Amino acid sequence: MGDGTKILVIDDEPLMRVTIQDALVAEGYEVETAETGEKGL
């Protein structure tokens, strides 16, 4: 479904980042994570 599209997930809660990342990777997306908007840039 995700065809390797890259997605950036930014959330300050580690469990939320991992949960979202796992769900997106399972759908075929490439996921990067960051704990703050500043780090995401």
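Placing +1 on the Cβ of every Lys and Arg and -1 on the Cβ of every Asp and Glu, with nothing else charged, gives the chain a dipole about its Cα centre of roughly 80 debye. Proximity of backbone amide H atoms, modeled 1.01 Å from N, is registered between G2 and G28, Y29 at under 5 Å, excluding neighbours fewer than 5 places apart on the same chain. Rounded to the nearest 10 degrees, what's the angle between the helix 14-26 long axis and the longest principal axis of the chain, both from Cα atoms, 0 to 90? Compared with the principal axis, the helix lies near 20 degrees.
Can you compute the helix-only [θ] at 222 nm over the chain? Use -39500 (n - 2.57) per DSSP H run of at least 4 residues, normalise by all residues, nearest 500 deg cm²/dmol. Don't jump to the answer; show the numbers that get you there.
Working: 2 runs with 17 residues, N = 41.
Calculated mean residue ellipticity at 222 nm is -11500 deg cm²/dmol.
Taking the chain on its own, what percent of its Cα-Cα pair distances exceed 15 Å? Show your work: numbers first, answer last.
Details: 287 of 820 pairs.
When every Cα pair of the chain is considered, 35 percent fall beyond 15 Å.
Every number here is computed from the coordinates shown, using simple stated rules; none is lab data. Computed from a predicted model, the values in this text were never measured in an experiment. Ideal geometry is used to build each Cβ from the backbone, glycine not excepted, and the neighbour counts take in all protein chains shown.
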